[in-house]
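What follows is a set of notes on a single structure, which appears directly below.
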Amino acid sequence: MIISMSATATEAETNHVIDRVRELGYQAHVTRGVERTIVAAVGAGHREELAALGAAPGVEQIVAIAHPFKLVSMQVKQKRTVVDVGGVPVGGEECVLMAGPCSVESREQLMTVAHAIRDAGASMLRGGAYKPRTSPYEFQGLGIEALKLLREASDATGLPVVTEVMSTEDVDVVSEYADMLQVGARNMQNFSLLRRLAKCERPILLKRSPSATVKDWLLAAEYILAGGNSEVVLCERGIRSYDPDMRNTFDLSALALARQLSHLPVVADPSHGTGRRDLVPIMARAAVAVGADGVIVEVHPCPEKALSDGPQSLTIPEFAALVQLLGQPLRKHLRQQPKAATA
Ligand code: PEP
Ligand code: MN
C-alpha cells in the first residue's frame, strides 16, 4: 500500500505512520519529496489494520500498489532514481555513454579502447572478464587477470568500469575491482545471484533476459531492492526472435515501458540488441529518442579479430562517429515520456 502524507503532516504524524506500518509486519519505505512524504508498506502483514491507517492524523490517502513489483515501481517513489557509478550519475539529465570491448583480451587491446573511447566522449568503460558463452568451447574470458586490467584501465582513464559477474562466488572479487556489477541476460532470473547482489556495496546493471517480459525483468530488480541494494540500472539488450538477419529484436517499447513503470534508470544495449555493427548507431539514436538514460556499446580496435562479438563491435572511428550522432539535440527527448495508460 502507498500512504501519502498530506503536505501539512507533522514529523510526529509521519513517524507514527512509519512505526505502525512496521508493527503490522510490513517494511516501510519512505520517500520524502519537496511537498509531501510517501510511505510505502511492502511485504505481507495485517492488511485490514493497515487500511485503517487511512484515518490516521496527517494521512491524505492510502492506495494499493498496482503492480506485483513494489519497490521498483514509479508509484512507490514518484521520482526518478539517479544511480551514482564511481562519480558518474546514471538516470540524471545526461544520457551516459558506456563503451568497451565485449571481452577483455589483452592489456594492449583494453588500454587502446579505453583511451580512445574516453577521448571520444564516453563516460564509462565496459569489458567482460567472465564470459557467458553459449558454447563451452568458445573463449570464456580471462577472469581475474581481466579484472585487474579493467581496474588499471579505469584508473588510467578516470572512467568507472562495469563488468559481468556470473556466479555468487565471484561477487566479492568483482566488487573489489569494478565500480558496477553487470548481471548478464542469461542470469536475470538467477535468484541466488540476485539475492547475493542485494548485499553487495556496488551498483548493479541488470540486463533483461532474451525471454523475459517487462514484469519478469522488474521483479528481478525487485529482488535486489528488497534485499537492500537500491542502486540498480536496467538494461534492454534485445529479446529472442525469429529473424536470422538480426541476433535479437531490440525492444525499444520495453525500454519505454520499463521507464514508465519504474523509477530506475534504463540503459540500452544496441550491440547485443541487433548483433550488427551497421545497425548500432541508428538504434542507439532511437534508444535515446525514447528516453534511454544511457547507451552501452561494444568497441574493438580490430573487430574481425575479436574473441567474442566481433560482428556487433564498432571500430574506434565508428565509435567516435556515434558520439557525434548522439550529440546535444537528442538529449532534449529525455524528459518527454508518454503518460501511463489509465485503462
Ligand atoms: C555482454 O555484455 O557482453 C553480454 C554477454 O551481454 P548479454 O548478457 O546481454 O548477452
Ligand atoms: Mn558481448
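Does G100 satisfy the condition of being crowded, with 23+ Cβ neighbours inside 10 Å and either touching a Leu at 6+ places or on another chain (Cβ under 7 Å) or under 23 Å from E201 (Cα atoms) (or both)? If you could, list the steps in order and put the result at the bottom.
Working: crowded, with 23+ Cβ neighbours inside 10 Å: yes; either touching a Leu at 6+ places or on another chain (Cβ under 7 Å) or under 23 Å from E201 (Cα atoms) (or both): yes.
Taking the combined requirement at face value, the residue satisfies it.
Has region 242-262 got any residue that is at pLDDT below 95 and not in a loop (DSSP other than H, G, I, E, B)?
Looking for residues that are at pLDDT below 95 and not in a loop (DSSP other than H, G, I, E, B), one finds none in region 242-262, hence no.
Somewhere in region 149-156, is a residue within 16 Å of ligand 2 (Cβ to nearest atom), farther than 26 Å from A258 by Cα and in contact (Cβ under 8 Å) with a residue 24 or more places away in the chain? Even if it seems obvious, please write down each step before you answer.
Of the residues in region 149-156, the ones within 16 Å of ligand 2 (Cβ to nearest atom) are 150.
The next check asks that each one be farther than 26 Å from A258 by Cα; those that pass are 150.
If we keep only those that are in contact (Cβ under 8 Å) with a residue 24 or more places away in the chain as well, we get 150.
Looking for residues that are within 16 Å of ligand 2 (Cβ to nearest atom), farther than 26 Å from A258 by Cα and in contact (Cβ under 8 Å) with a residue 24 or more places away in the chain, one finds at least one in region 149-156, hence yes.
Which pairs do you get when a residue that is in the same structural domain as V162 (by TED's automatic domain parsing), found in region 277-303, comes within reach of a residue that is surrounded by fewer than 21 Cβ atoms within 10 Å (Cβ to Cβ) and hydroxyl-bearing (S, T, Y), reach meaning Cβ atoms under 7 angstrom, with the pair 6+ apart or on two chains?
Pairs that qualify, where the first residue is in the same structural domain as V162 (by TED's automatic domain parsing) and the partner is surrounded by fewer than 21 Cβ atoms within 10 Å (Cβ to Cβ) and hydroxyl-bearing (S, T, Y), are P301/T112; P303/T315.
Consider G127 carefully, then state whether it is under 24 Å from L159 (Cβ atoms), in contact with a Gly (Cβ under 9 Å, 6 or more places away or on another chain) and exposed (fewer than 15 other Cβ atoms within 10 Å of the Cβ). Break it down into steps so the answer makes sense when it comes.
On the way: under 24 Å from L159 (Cβ atoms): yes; in contact with a Gly (Cβ under 9 Å, 6 or more places away or on another chain): yes; exposed (fewer than 15 other Cβ atoms within 10 Å of the Cβ): no.
Taking the combined requirement at face value, the residue does not satisfy it.
If I filter region 216-229 for residues that are more than 16 Å from ligand 2 (Cβ to nearest atom) and more than 27 Å from P89 (Cβ to Cβ), do I get at least one hit?
Start the filter on region 216-229 by keeping residues that are more than 16 Å from ligand 2 (Cβ to nearest atom), which leaves 216-229.
Applying the additional criterion that residues be more than 27 Å from P89 (Cβ to Cβ) yields 216.
Yes - at least one qualifying residue is present in region 216-229.
Considering region 63-84 alone, what residues qualify as being closer than 15 Å to H29 by Cβ, small (G, A, S) and at pLDDT below 90?
none
Within region 85-97, how many residues turn out to be among the small types (G, A, S), at pLDDT 95 or above and surrounded by 15 or more Cβ atoms within 10 Å (Cβ to Cβ)? Break it down stepwise before answering.
Of region 85-97, the ones among the small types (G, A, S) are 86-87, 91-92.
If we keep only those that are at pLDDT 95 or above too, we end up with 86-87, 91.
Going one step further and asking which of them are surrounded by 15 or more Cβ atoms within 10 Å (Cβ to Cβ), we end up with 86, 91.
Residues that pass the stated criteria total 2.
Might you let me know whether region 215-225 holds any residue that is surrounded by fewer than 20 Cβ atoms within 10 Å (Cβ to Cβ) and part of a loop (DSSP other than H, G, I, E, B)?
no
For region 124-146, does any single residue satisfy the condition of being within 15 Å of ligand 1 (Cβ to nearest atom), within 20 Å of A306 (Cβ to Cβ) and in a helix (DSSP H, G or I)?
Yes: region 124-146 contains one or more residues that are within 15 Å of ligand 1 (Cβ to nearest atom), within 20 Å of A306 (Cβ to Cβ) and in a helix (DSSP H, G or I).
Would you pick out the residues in region 1-35 that are outside any helix (DSSP H, G or I), of a type outside the set (G, A, S) and crowded, with 17+ Cβ neighbours inside 10 Å?
Those that are outside any helix (DSSP H, G or I), of a type outside the set (G, A, S) and crowded, with 17+ Cβ neighbours inside 10 Å: M1, I2, I3, M5, L24, Y26, H29.
Of all the strands (runs of 3 or more DSSP E) wholly in region 40-121, which have at least 3 residues that are in contact with a helix residue (DSSP H, G or I) (Cβ under 9 Å, 6 or more places away or on another chain)? Give the derivation first.
Numbers: elements: 59-63, 83-85, 88-90, 96-100.
Strands (runs of 3 or more DSSP E) meeting the threshold: 59-63, 96-100.
Please determine, by comparing only the residues of region 118-148 that are aromatic (F, W, Y) and touching a strand residue (DSSP E or B) at 6+ places or on another chain (Cβ under 8 Å), which one is farthest from V83 (Cα to Cα).
As a first pass, look at region 118-148 and keep what is aromatic (F, W, Y): 130, 137, 139.
Retained after the next criterion (residues that are touching a strand residue (DSSP E or B) at 6+ places or on another chain (Cβ under 8 Å)): 130, 139.
Numbers: Y130: 24, F139: 32 Å.
So, considering only residues that are aromatic (F, W, Y) and touching a strand residue (DSSP E or B) at 6+ places or on another chain (Cβ under 8 Å), the one farthest from V83 (Cα to Cα) is F139.
Pull out all pairs, ordered by first then second residue, where Cβ-Cβ is under 7 Å, the residues are six or more apart or on different chains, the first lies in region 246-275 and is outside the structural domain of E94 (by TED's automatic domain parsing) and on the phi > 0 side of the Ramachandran plot, and the second is away from ligand 1 (no atom under 12 Å from the Cβ) and small (G, A, S).
Filtered contacts from region 246-275: no entries.
Hey, any hits in region 110-124 for a residue that's within 15 Å of the chain's Cα centre (by Cα) and of a type outside the set (K, R)?
If we filter region 110-124 for residues that are within 15 Å of the chain's Cα centre (by Cα), which is where we start, we get 124.
Next, only the ones that are of a type outside the set (K, R) stay: 124.
Among the residues of region 110-124, at least one is within 15 Å of the chain's Cα centre (by Cα) and of a type outside the set (K, R), which makes the answer yes.
The values are calculated or read from the model by the stated rules, or taken from the named source; none is laboratory data. Note that the structure is predicted; figures quoted are calculated from it, not measured. Backbone-built Cβ (ideal geometry, glycine too); neighbour counts: all protein chains shown.
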